[in-house]
Structures are given as structure tokens and as C-alpha cells.
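Reviewing the structure listed below.
Coordinate-derived values only; no laboratory data. Computed from a prediction, not measured in an experiment: that's the story for all the values here. Every residue, glycine as well, gets a Cβ built from its backbone with ideal geometry; the counts of neighbours run over all protein chains shown.
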4 protein chains.
Amino acid sequence: MPASAPTLAELQLRLVEFAAARGWGPYHTPKNLAVALSVEAAELVEIFQWLTPEQSERIMEDPESAHRVADEAADVLAYLLQFCQVLGVDPLRALAAKIERNETRFPVPAEGPAPPE
Amino acid sequence: MPASAPTLAELQLRLVEFAAARGWGPYHTPKNLAVALSVEAAELVEIFQWLTPEQSERIMEDPESAHRVADEAADVLAYLLQFCQVLGVDPLRALAAKIERNETRFPVPAEGPAPPE
Amino acid sequence: MPASAPTLAELQLRLVEFAAARGWGPYHTPKNLAVALSVEAAELVEIFQWLTPEQSERIMEDPESAHRVADEAADVLAYLLQFCQVLGVDPLRALAAKIERNETRFPVPAEGPAPPE
Amino acid sequence: MPASAPTLAELQLRLVEFAAARGWGPYHTPKNLAVALSVEAAELVEIFQWLTPEQSERIMEDPESAHRVADEAADVLAYLLQFCQVLGVDPLRALAAKIERNETRFPVPAEGPAPPE
């Protein structure tokens, strides 16, 4: 029986404890964590950089690429949670607020799709 | 009484419905979503680019900067969730697996802090 | 008769004088300039993020997009030159050395194209 | 006697021939080259991500870091030149025009330094 998935709050706490146990606090300024997040995002992008849109849709068919994708996505989330933690931002509430604003900014079009912003 | 915070899964579903209602599916290839995630990460970094480490620690004291930080963090999370959704990656399980691997890779040092990887 | 194009070295000098006249030296640490370069690269990417490969080939047909592309490419080059200047890196010699290494690393294939690294 | 440094135009031509000989043309869409440029910019940033501003000033004192810095700066320039080449943008003229616009946008302040834009 698979273990139930951890919650975001549980993972955030584990990341905080992980960094504290290793004395990484002084390195984890908001600026450095934002920069590290952008570096991890680029590592995720790198997987796709020479792929056609169609090839990118099939990336999970190759087990090694699938593992790499999940691993880099995890790194992005890890730095996002640590960034939010040091600044006291609640990422779930921030996203809920953003979705509400976007529902006003981008009303459902009456006559078919338009590209994203 | 404040509403309870939404869960990650609820927000992910809202993002999927939001994009579907606007016909954005064809734009939301894995490659484009990874690229959009990296663009949003850079917008978060931009807030900090000329700040000293100390100034970056105080970013939330200015209400306008605080709002911008939360807004860009929300954008990063939004694209990360949409990326994970189109590829069938569970971001919480991926992060839990990553933390476990890192606990092996980076044992707690016996003699004081070393910089992160 | 159009003026002859400036050289890279002339532009680098103008950028140095521009920043010095505005007292930007203390902001222009190597770290900050590398970060600013990555932010400008993301602004260039943003122009293309929802385009198909074919649409991206035709970006210069729209005068407004063409201007934006040239402008963001200029920003990338500006920060790259300032970064190289503060660290004493000669970007032309560094690139020449890199091309020579790559000619060894990626020999011309005998039997047709393979994707880039 | 050291060889005279190559010009930007000479290096751009060598990059074009290098890619053509390897059949990389189909991969080198403007979108992919912009994305590759941003990935290389992130690799440059990664060198600095946990450094203090002061440590970043001394990065060239360590020969291995100095080599890595020059190498990543070369990669950024390589993709920028290839991007400009496929779109017919002259990077030197674009930068000259940008500097002229910035001289108007950011007049030299009468009373001391203000942070960059």
C-alpha cells in the first residue's frame, strides 16, 4: 500500500529542518533563493531546449528523461518553498489570490481561443 | 473567520479549468510551460537584482514589493503545477523523493556548516 | 552614407562610462551583472514563449516585435560586456577558445546530423 | 607573439559554419536559440549563486572558477550571435542604438548615484 502523499506544509518543514541541520541559513537569503530557483528552472528548460513541441509531449516515455523531469521539477518546488518560508509568503494563498485576479483579467472569450498573455 | 487555505491539488484543478475554458491547451506544451516557468522565475529574481543580501531580507517591509513578491511566487507555482499536470508528475511525491535522496547525498556535517551544493 | 558600425570594444567602453557617470559601480558586482544578464535573457525568451517554431522564424515580419527583439538582444549584450569588463574577461578571446574546444568535442559527423549537445 | 583577437563578425561566421557542418540548422530556430541563451546565462549565474557580493568580486582568483566563468560567458555570447544571425539582427548596431536611448532615459543625476533601473 503506497504511503499517502505528503502535504506542501510538511515538505516545507522538512526542507527548513534540512537546511538548518546543515547550517545553510546564512546562504539562504531571499535573493539567493530566488536566484537558485531560476537556475533550477533553467535546468528544467534545458531538458526541452532542442525538442519540437511534439517531442516535448512525449518526454515521459523515456524513463531516464522522465526521472530527470521529476527531479528538476522537485528542485524548483524545493527552492520556491524555501523562498516563501524565509519571507513568510503562503504560496497556496498567493496562488489562490492570483487565480482570482486572473479570472477578472482574462474573461472567458465568447468567440474562441486567444493565446495566453 | 478566514477561509481555510486551498490545497495544492485544488489549485492545480482550478488552473487546468482556467486554461481549458480559454482554449490555451495547444499553447501549453511541456516545453512552453517549462519556458514560461523560467520566465516567471526571472521576474521574481528581477525584484532582487540590485539589492544587497541585507536589503533582500527586508523586502517584505515595503507593501508594494511584498505584493509583487507574492504575485511572482504565485506565477512560478502556477506554471510549475500546470507543467506537472500535463506530464503527469506529482510534484509533492517528486519533492519527497528528492528530499530523501538529498538526505543521503548531503549528510549532516560533524564539524559545522559548509555551503550548499 | 551610414556611419560604420561601432566595435565591441568601443561599446564596452561607452557602457563603462555610462555606468560610472551614474554612480552604478557599487551595484555592478559580478554576481549582480550575471543575474541581470539572466533576467534580460528571460525577457528575450518571453517574446517567443507561446510561439510555434514556425512563428518564431517569422518574428521580424512584425515591426514592433522586431524592435523588441533587437532591444532585448542589446540588453543581453550590454550586461555580458559589463560582466566581462568587471572581471577582466575578453569575450572575443573566450569565444574563440570555446569554438576551438568545440571543434574537438563535436567532430563533423560522417553520417548526417545529430542534435546539438 | 599572440594572435590578434578575432572580431565579432569573424566569430559569428565560424559559429554559423560550425552549426551548418553538423546539420544543426533545424534545431536553431530563433525560439530555441533564445531558450539556449537563457540556459547558458543560468549556468553563468550558478557559479555565483551562493557567493556574497565580496566573494563574487574575487571569483577570478581561483583558476578553475576563472576558467568556468570565461567558458560560460563564451557560451552566452555564442548563442547570442547565433540568435542574431538567424534573425538578421546586428548586435553591435542594436546595442549602439540602445545606449543612445538610455542616455536620454537615464540622464546623469545632478545629486549623486541612484540605483540602476
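In nm to one decimal, list the spacings between the residue A:100 label point and its equivalents in the other copies, with label points set 7 Å along Cα to Cβ, shortest first.
Label-point distances to the other copies, shortest first: 3.8, 5.0, 6.2 nm.
How many nanometers, to one decimal and shortest first, lie between the label point of residue A:115 and those of its other copies, if labels sit 7 Å from Cα toward Cβ?
2.3, 3.2, 4.0
Taking H placed 1.01 Å from N in the peptide plane, check which residues at least 5 places from residue C:28 or on another chain put their amide H under 5 Å from its amide H.
Under 5 Å from the amide H of residue C:28 lies no amide H from a residue far enough along the sequence or on another chain.
What nm distances, shortest first, do you get from the label point of residue B:53 to those in the other copies when the point sits 7 angstrom along Cα to Cβ?
1.2, 4.4, 4.5
Under the classification rounded if a/c is under 1.5, otherwise prolate if a/b is larger than b/c and oblate if not, where does the protein assembly as shown fall, given a ≥ b ≥ c as square roots of the Cα gyration tensor eigenvalues?
It comes out rounded by the Cα gyration axes.
Grab the other residues whose beta carbon is less than 13 angstrom from that of residue A:48, score K and R as +1, D and E as -1, and report the net.
Residues close to residue A:48 contribute a combined charge of -2.
For residue D:31, go through the lysines and keep the ones whose alpha-carbon is under 29 Å away, minus same-chain ones fewer than eight residues off.
A:31, A:98, B:31, C:31, C:98, D:98
Take every Cα-Cα distance within the stretch A:8-103, group them into 10 Å bins from 0 onward, and report for each bin the whole-number percent of pairs it holds.
For the stretch A:8-103, the pair-distance distribution reads 14, 36, 32, 17, 1.
Mind giving me the nanometre distance, one decimal, between the label points for residue D:110 and residue B:66, set 7 Å out from Cα along Cα→Cβ?
Distance between the two pseudo-spin positions: 3.6 nm.
Under the definition of Cα pairs under 8 Å and six or more residues apart, what whole-number percent is the relative contact order of chain C?
Relative CO of chain C lands at 33 percent.
Return the chain A residue and its Cβ-to-axis distance, rounded to the nearest Å, for the rotation relating A to D.
Smallest Cβ distance to the axis, with its residue: A:42, 2.
When you look at the Cβ of every residue in D:59-69, what mean number of other chain Cβ atoms sits within 10 Å?
The mean count of partner-chain Cβ atoms within 10 Å per residue comes to 2.
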